[in-house]
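Below is one structure, written out as structure tokens; the observations come after it.
The values are calculated or read from the model by the stated rules, or taken from the named source; none is laboratory data. Please read these numbers as outputs of a predicted model, since none were measured by experiment. No Cβ is skipped: glycine too gets one built from the backbone with ideal geometry, and neighbour counts run over all protein chains shown. The area values use the complete protein model at the heavy-atom level, side chains included, leaving out ligands, DNA and RNA. Shrake-Rupley method; radii C 1.70, N 1.55, O 1.52, S 1.80 Å.
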Amino acid sequence: MTIRRAMTQFRFWLFIGNSWKRAEYAKKKGIFGQIGNNSRLPTELPLYPKLVRVHNNVTIHRSVKLITHDRINAFLMNASKAYKFKSTETLGPIEIMDNVYIGMNSVIMPGVKIGPNAIVSVGSVVASDVPPNTIVAGVPAKVVGTFDSLVKIRVLQDKMNALQFERSGDEMINEETIKKAWELFDKKKNKTTHKEENK
Amino acid sequence: MNELIKALNELLPTVDFEKEKSLVSEGILDSLSLVSIMLMINEVYHVDIPVEEMSPENFDSVESMYALIEKIKASSSEMH
């Protein structure tokens, strides 16, 4: 790891609670291939940030890994007797289009293009392109819904008495909210398990 | 109507669709279940539910879901 890379990674960790600041810093220093407006970056710097293009309104959870290369050939060099591999590295840029959300602990593989208007669910491993206006989930990530359906569901939740509250800066929830969360949880579980028992 | 109940029971066997009258208000249906219900309605009834109709009342019971489907069907046939 070069000193410059280590310094950048260190700065990225310093901005742990503020992914916008991370993006601002990366943009100012020209670290990535491209960074659009109002986008948020993960804490882990990809090995080759210049191979990553992030467009506008992109939210990437801080735990997401963007993989821009693979070193399998270096392993095969010793492991495979069938062919004499050289210690090469295969590169793969990643392009993330406008209005994309990438959920916690997802992994984006080299050579992938995502979106626009796409959601990558928690823990997905995105090994192939994500079509526009879709929700993908799983390992490997597959289309499970449309962006439009998510909007509709959230409109519905917004209108009902769901557990929503204005997030405060200190990332704390009060006693009342905690109580309400458990009440709603228990109520729902009692309803759904009741039917199973009756069967 | 019975057809809709049957389809919903197949889709989400743990939910009592005939008995429950506040499926959304009480949080019995989570967001993923609602997505699958919307997809099913779209597939079976060829009805695309507009954003304006996304309200708890329209999804709280099988009756209200059925009424919503009929309403959208009627309004779309008026337009043609």
Subject >> Given (1) within 13 Å of the chain's Cα centre (by Cα); (2) at pLDDT below 90; (3) assigned to a helix (DSSP H, G or I), number of the condition B:Val24 does not satisfy >> reply: (3)
Subject >> Which numbered condition B:Thr14 fails, given (1) more than 7 Å from chain A (Cβ to nearest Cβ); (2) out of contact with any strand residue (DSSP E or B) (no Cβ under 9 Å at 6 or more places or on another chain) >> reply: (1)
**OP:** Looking only at the range A:58-95, count how many residues are under 18 Å from A:Asn105 (Cα atoms) and open to solvent by 70 Å² or more (accessible area, probe 1.4 Å).
**Re:** 2
Original post:
How many residues are buried (at least 17 other Cβ atoms within 10 Å of the Cβ) and closer than 21 Å to A:Ser149 by Cβ when one looks only at the range B:8-24?
Top reply: 6
Original post:
Across the range A:104-115, which residue is nearest to the chain's Cα centre (by Cα) among those that are crowded, with 18+ Cβ neighbours inside 10 Å and not in a strand (DSSP E or B)?
Top reply: A:Ser106
**OP:** Would you check which residues across the range A:69-93 are polar (S, T, N, Q) and in contact (Cβ under 8 Å) with a residue 12 or more places away in the chain and list them?
**Re:** A:Asn73, A:Ser87, A:Thr88, A:Thr90
Subject >> Check on A:Ile31, over 17 Å from the mean Cα position of the chain (by Cα), open to solvent by less than 80 Å² (accessible area, probe 1.4 Å) and not small (Gly, Ala, Ser) >> reply: yes
Original post:
What is the one condition in (1) in contact (Cβ under 8 Å) with a residue 24 or more places away in the chain; (2) more than 14 Å from chain A (Cβ to nearest Cβ); (3) out of contact with any helix residue (DSSP H, G or I) (no Cβ under 8 Å at 6 or more places or on another chain) that B:Asn2 does not satisfy?
Top reply: (1)
**OP:** Determine the pairs where a residue that is outside any helix (DSSP H, G or I), located within the range B:54-80, has a partner that is of a type in the set (A, V, I, L, M) with Cβ atoms under 7 Å apart, the partner being 6 or more residues away or on another chain.
**Re:** B:Met54/A:Val155; B:Met54/A:Leu156; B:Ser55/A:Leu156; B:Asp60/B:Leu23; B:Asp60/B:Val24; B:Ser61/B:Leu23
Original post:
If we keep just the residues of the range A:131-150 that are among the aliphatic types (A, V, I, L, M) and over 13 Å from the mean Cα position of the chain (by Cα), which is modelled with the highest pLDDT?
Top reply: A:Val139
Subject >> Output for the range A:44-57, where each listed residue is open to solvent by 20 Å² or more (accessible area, probe 1.4 Å) and in a loop (DSSP other than H, G, I, E, B) >> reply: A:Glu44, A:Leu47, A:Tyr48, A:His55, A:Asn56, A:Asn57
Original post:
If we keep just the residues of the range A:135-152 that are in a strand (DSSP E or B) and β-branched (Val, Ile, Thr), which is nearest to A:Ile119 (Cα to Cα)?
Top reply: A:Ile135
